[in-house]
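Here the structure is laid out as structure tokens; the discussion comes afterwards.
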Amino acid sequence: MMLDIKSLDRKELEDWIQKKGFEPYRARQIWHWILKKTVASFDQMTDLPKSLRKIMNEEVDLSPLELVKLLESKEDETRKYLFRLRDGNFIESVLIPELEKGYFTICISSQAGCMMGCKFCFTARQGFKRNLKTSEIIDQVVQVKRSMSEPSKLRNIVFMGMGEPLLNYDNLIKAIRIFIDPYGMNFSHRRVTVSTCGLVPYIRRLGEEDVRVNLAVSLNAADDEKRSLLMPINRRYPLKELMAACKRFPLANGRRITFEYVLIDGINDSIEDAKRLVELIRGIRAKINLIPLNPSPGIEFSPPPWNKILAFQKVLIESNLTAIIRKSRGRDIMAACGQLSGRYGKDKAKIKEIG
Ligand code: SAH
């Protein structure tokens, strides 16, 4: 068994280094090469003793993800990365330029597939494969960063790719700690967002962690009947419990909970729906991301016409809520919300080229 180095925290790496007979500070050097310089081989770690590099070449797995395809949108420079896992499953990450602001957001996956079964989501249709290891979460950010012309512009990490992050809780938390460790990837905890379909016990648990990240909750309907139809998880944790957990969630200073609301034509897009939404989130420090549904093969829903989207937003704004319509990014490369994966199942694994 090779050592899965990107799954180790700093302490675990130090222990390994010492076991191999080297000084513990070597761990920090290695982390610097792996997580800050994003190198792809041990031979690039020029300030390490040759003997240590040799051991690592023989015993350590540096990268659990194989980049098999990189697609760039012609519309807006959004990039989609397709990675193959060692067991043949595929996951995707998306790099999104925040055009007006000059920096980038990476949207990453937490699971291969998903078991939540939301009716409008393309990943849900693929079913659940497995949880990602910490290293498989970390390596998405490392490899995407490596591919950027200005890596320092990668500022935000959002767990809005494939999977339900809170169902991969331990690996998620470990990855977040590595993301925000100053010796690790050194992201601000204020720039990491975990998005969930609403797993109440885990929302509570996340709120009790000593790492304070942002919380996004996929609402998508403001009454239990509609929400249960769209998102089966609502039968287990109905809105009353979900909103109570959101109210109690400890936010970092000046931060707000993001509520995602996928707008679906004729389903959840009426003026009454908007008014119910206003009532539902009353008293919570929140902002709302309105996401017009991205149509995908085999999903029977469609996005509302533009005038209905604007009318819905108007109700929220007139109630003094922050409501932003999320422009769809990278639709031409199937990189938009809920569209990830599925195109390259194991059976179709013929994609070799990168680019
Ligand atoms: N499981 C987590 C994170 C992954 S889904 C969660 O539920 O939040 C990320 C976001 O994509 C969610 O807000 C979800 O509602 C949205 N989404 C899923 N399918 C979509 C689609 N077809 N069009 C637009 N947004 C979609």
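Observations
- The string of couplings for the range 239-247 from the Karplus curve (6.51, -1.76, 1.60, θ = phi - 60°) is 4, 4, 5, 4, 5, 5, 5, 5, 4 Hz, one whole number per residue in order, with x for Gly and Pro.
- FRET efficiency, 1/(1 + (r/R0)^6) with R0 41 Å, evaluated for Glu225 and Tyr103 via beta carbons: 0.55
- CD proxy at 222 nm, helix term only [per DSSP H run n ≥ 4: -39500 (n - 2.57); per residue of the chain; nearest 500]: -9000 deg cm²/dmol
- Over the chain, the alpha carbon radius of gyration divided by the compact-protein estimate 2.2 N^0.38 Å works out to 1.02.
- Along each principal axis, taking the top coordinate minus the bottom one, the Cα set of the range 160-252 gives 47, 26, 19 Å in descending order.
- Between helix 50-59 and the chain: long-axis angle, C-alpha atoms, 0 to 90°, nearest 10: 50 degrees
- Taking max minus min of the alpha-carbon positions on each principal axis, the range 3-61 gives extents of 23, 22, 19 Å, largest first.
- In this structure, Tyr183 and Ser319 have a Cβ-Cβ separation that, at R0 = 35 Å, corresponds to a calculated FRET efficiency of about 0.20.
- Phi angles across the range 89-106 convert, under the Karplus curve 6.51 cos²θ - 1.76 cosθ + 1.60 with θ = phi - 60°, into 3J(HN,Hα) values of 6, 10, 9, 9, 10, 10, 9, 10, x, 8, 3, 5, 9, x, 10, 10, 10, 10 Hz, Gly and Pro given as x.
- Volume per residue of the convex hull around the Cα atoms, evaluated for the range 223-317, comes out as 113 Å³.
- The mean sequence separation of alpha-carbon pairs under 8 Å and at least six residues apart, normalised by the residue count of the chain, gives a relative contact order of 17 percent.
- The chain, dipole about Cα centre (Lys/Arg Cβ +1, Asp/Glu Cβ -1), debye to the nearest 20: 300 debye
- Nearest 10 degrees, 0 to 90: helix 10-19 Cα axis against the chain principal axis: 20 degrees
- For the range 152-257, the list of chymotrypsin sites (Phe, Trp or Tyr not before Pro) that fall in a loop by DSSP and count at most 16 other C-beta atoms within 10 angstrom reads Tyr183.
None of the figures in this text is laboratory data; all of them are computed from the coordinates on show. Small disclaimer: the values here were computed from a predicted structure and weren't measured. Cβ: placed from backbone, ideal geometry, glycine included. Neighbour counts: every protein chain shown.
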